[in-house]
1. Going by C-beta contacts inside 10 Å, put 179, 55 in order with the fewest on the left.
2. With a cut-off of 8 Å between alpha carbons and a minimum separation of six or more residues, what is the relative contact order of the chain in percent?
3. Restricting to the chain, what percent of DSSP beta bridges are antiparallel, rounded to 5?
4. What ranking of 242, 61 emerges when the number of other C-beta atoms within 10 Å of each C-beta is taken as an exposure proxy, fewest first?
5. When DSSP beta bridges are limited to those with both residues in the range 206-400, what percentage is antiparallel, rounded to the nearest 5?
6. Quote the convex hull volume per residue of the range 104-260, based on C-alpha atoms, as a whole number of Å³.
Amino acid sequence: MLKFLPFLRRGATLVAAGVAALTLATVSACGGGDSGTPSSNAGTLQLSLTDAPACGFDKVYVTLQKVRIHQSSSATDTDAGWTELTLNPALRVDLLTLRNGVLTTLGSTPLAAGHYTQMRLVLGSNGGSTPLANSVVPTGGTEVALTTPSATQAGVKLNVDITVNANELADFVLDFDACKSIVSAGNSGQYLLKPVVAVIPRLVSGVRGSVDASLATGATVVTLEQGGTIVKSTSPDSTGMYLLQPVAPGSYDLVVSAPGRATAVVTGVSVASGVVTTLSTGASGLNPPASAGGTLAGTVLTGSVPVDAGVRVTQALSMGRSVTVARGSVDASTGAYAYLVPIGAPLVAPYVAAPSVLSFVPDTAAAARYSLAASNAAGAVKNAGPFTLTAGGTLTTHFIFP
């Protein structure tokens, strides 16, 4: 049986979890099916791709050529011992179609039973007959090529902890976080691709519910959080329905953030193994009231140089827990960030199992009060706040890393 421990995501690195160890034979597989004949001590690794919402984009295209996996976290791209899952032809996919529990299967490959600690995503390059292999369509704009990492040809390195047991299927999902992975570059009109990916077990468990049809836009974000850390996020579909899956069993806070609306929070959402928890919101979906907003803005720098960093906006509730209401990467050219958040009181309801109806109460003490957390690529974090915002006002905070 596969055994999984909690996973941790940090910057552009990912850490999943597993147990055991062994040697690996090099084989190759094509996307969509198995290749090679597994030995008696082999298992099978199957991979799928999904995505979280993208901030400010209508389309996010990436082209995936192959996935490579190795026992050693320090193996170079030319070392022996790699197993490759090759997609032939290469898969160009709009990540924003892979939300609300939608997965696309990349394929599977036999692997010697054991412990694997490095994965590489090999992306197609822009140029020649594929000038837009990796590209974005900003909301209301036109398609523009993404500047991809120099490691595109060798593969974007991901540190993982995956166990494959003999004669068993290790089924994992590559959860591509488009919101963190696409970084704007000032007024140049260019965008950089800095992949942030989590590798998680493909679980059945999750959470589903709905928001009012008026909030059924790509700008509305629904997140599951633990201690203010986002574990899974999505945007509702055109009918207002959302599905957060796969999610490990546990207790979560569900947060709904929509432009011009107060934040809605359901605390202590219980997720059981193999079960999709349904949130009952009455006859219609969640529809928090309109709210004026204020802006938290600033820069994240090292001296006067922009930092590869992200900024989270958190709000402390009266009950003693904090939630993240906005997040994203800073501008690659200027280090700037800016978030417009509601000043109205967040609506908070304790989780109750369906068919009981959630009962929301305004948390007036938390209204307009926010804190900031800036983190750089090395994992260092700087905090600021709490701040009290005013309608239409801007509060500026600059973070300086050594």
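1. Starting with the residue having the fewest Cβ neighbours, the order is 55, 179.
2. Relative contact order here is 15 percent.
3. 75 percent
4. 61, 242
5. Percent antiparallel among DSSP bridges in the range 206-400 is about 75.
6. 174 Å³
Any read-out appearing in this document is the output of simple, stated calculations on the displayed coordinates, not a laboratory observation. Small disclaimer: the values here were computed from a predicted structure and weren't measured. No Cβ is skipped: glycine too gets one built from the backbone with ideal geometry, and neighbour counts run over all protein chains shown.
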